[in-house]
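Take a look at the structure set out below.
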Amino acid sequence: MQISPKHIEFEPPFTTSATSSITITNDSQTSIAFKVKTTAPKLYCVRPNASIVKPGSSMDVSIIFQGLPKEPAIGTKCKDKFLIVSVPCSDDLDPKSVSTIWPELQSQAGSTTDVKVKVVFNYSSLTNTIQEESSQQSKSDDRDTAVLAAAPLANGYSGSDEKPVSEKKAVSSDDVLPETMPLAPATTDNKEAAAAVAPAKQEPATTSTSSSNVYVVAVLLVILAVLYAKFLL
């Protein structure tokens, strides 16, 4: 007897019903009767769970998974197993009676041929989906970051954690006060600077004094001329 495949696979979600199958092939010269046993009879239905396979023939057996109460964590290994037991039998045996007379058939054969089949939870499709979603999210985040980096400033805000430009350039009142405070008394170096500025401010007064002096001199000259003329006469 040959069984294929050697394991039964189910994919998530594991809370719903799913069906797989195995193929029993009779490679002997006589008919064989078989019976399928499982370590978790409440989780699986087997159709047929007992029957006959003619020499050189094959039969498909459906394994119906009923579903778990809740979804297991990713990577959880399934410990369920199936055991296909077979014994030689007569060709005229009714396949429907195998399950009922199985203890008798097993007793008559004296020995059985057993093949184990494991149940495997295949998470590859779920893992690929998670990785794909993660990759798409990462690409979306990269695009958003690139857009924010390339976008012009709006209302003085750069789109990052930096403060608005207006706030960064704002000057506190403490920075303004020193410019509006009165100047300190001039030092020796400051006097020279003050002297350079003073003539420009006193120029109008100097011009007025010069004009007055010229007028006085002219009057004095006239008086002297008159006195001199009287002296000669």
Task: Residue that is nearest to Trp102 (Cα to Cα), among those in segment 24-43 that are within 55 Å of the chain's Cα centre (by Cα) and surrounded by fewer than 20 Cβ atoms within 10 Å (Cβ to Cβ) - done: Lys37
Task: Residue that is nearest to Leu83 (Cα to Cα) [pool: residues in segment 44-65 that are within 42 Å of the chain's Cα centre (by Cα) and not hydroxyl-bearing (Ser, Thr, Tyr)] - done: Ile63
Open item on the list: If I filter segment 1-23 down to residues being closer than 18 Å to Lys116 by Cβ and among the charged types (D, E, K, R), which single residue comes out as surrounded by the most Cβ atoms within 10 Å (Cβ to Cβ)?
Closed with: Glu9
- [ ] Any chance you could count how many residues in segment 60-119 are closer than 14 Å to Ile3 by Cβ and of a type in the set (Asp, Glu)?
- [x] 2
Task: Output for segment 80-93, where each listed residue is among the charged types (D, E, K, R) and modelled with pLDDT under 95 - done: Asp91, Asp92
- [ ] With the condition kept exactly as written, say whether any residue in segment 68-85 is among the aromatic types (Phe, Trp, Tyr), within 17 Å of Cys45 (Cα to Cα) and surrounded by 13 or more Cβ atoms within 10 Å (Cβ to Cβ).
- [x] yes
Task: Those strands (runs of 3 or more DSSP E) lying entirely in segment 1-80 with at least 2 residues under 27 Å from Leu93 (Cα atoms) - done: 2-4, 18-25, 32-38, 44-47, 50-53, 58-65
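The values are calculated or read from the model by the stated rules, or taken from the named source; none is laboratory data. What you are looking at is a predicted structure, and each value in this text was computed from that prediction instead of being measured. Here Cβ is always computed from backbone atoms with ideal geometry, including for glycine, and neighbour counts include all displayed protein chains.
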